[in-house]
Amino acid sequence: MAAELAPGAETAESRADRRNGDGDHHENIFSGLRQVKAVPGDVNDRGYGEPATERDLQALAVCTVAIPRRARPSAARHAVEHARGFRALVKWRTGCEGRISYLKRGYGWDRTRLNGRQGASIWCGHGVFTHNLVKISALAS
């Protein structure tokens, strides 16, 4: 369920929708959150930083929208992008991207050997499980 996702997290379906040109990317992710009072924040790529996207997310009760804009920011926008909450979410996303890259290199996330979305989900789950076992065994020894 989308309400259980971390701030800015995406599902495999939402990434696939975005790659397929679905323009309602954030609406698809946050559509189930209308009953939730507040979502901590949303982080995304610079290419999605449009005023309409930001307004839509704020209408869905997202507290901090951390999507940088493409062009050179105005003074007001510069102040928004350098606010503490905005920067914290961008740093959080950067850390996530690094972890994903590490899992791709070391744990088979670069290519799934199983077919379909369910197969990809199983493959990714096994990669995370293996990564966690390696970390736990390092702590135990």
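The values are calculated or read from the model by the stated rules, or taken from the named source; none is laboratory data. Please read these numbers as outputs of a predicted model, since none were measured by experiment. Note that we place each Cβ from the backbone using ideal geometry, even for glycine, and neighbour counts take in every protein chain shown.
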Self-check item: Failed item in (1) in contact (Cβ under 8 Å) with a residue 24 or more places away in the chain; (2) closer than 21 Å to residue 52 by Cβ, with residue 117 passing the rest
Solution: (2)
Quiz item: Mind checking which residues of region 91-130 are among the hydrophobic types (A, V, I, L, M, F, W, C), part of a helix (DSSP H, G or I) and over 18 Å from residue 67 (Cβ atoms)?
Solution: 100, 103, 120, 122, 123, 124, 128, 129
Quiz item: Which condition breaks for residue 93 when tested against (1) farther than 22 Å from residue 51 by Cβ; (2) assigned by TED's automatic domain parsing to the domain that holds residue 51; (3) surrounded by 12 or more Cβ atoms within 10 Å (Cβ to Cβ)?
Solution: (1)
Quiz item: Before we move on, is residue 80 modelled with pLDDT of 80 or more, assigned to a strand (DSSP E or B) and of a type outside the set (Asp, Glu)?
Solution: no
Quiz prompt | Selection status of residue 88, in a helix (DSSP H, G or I) and either over 22 Å from residue 135 (Cβ atoms) or over 18 Å from the mean Cα position of the chain (by Cα) (or both) | solution = yes
Quiz prompt | Single condition residue 98 does not satisfy, out of (1) loosely packed, with under 11 Cβ neighbours inside 10 Å; (2) at pLDDT 90 or above | solution = (2)
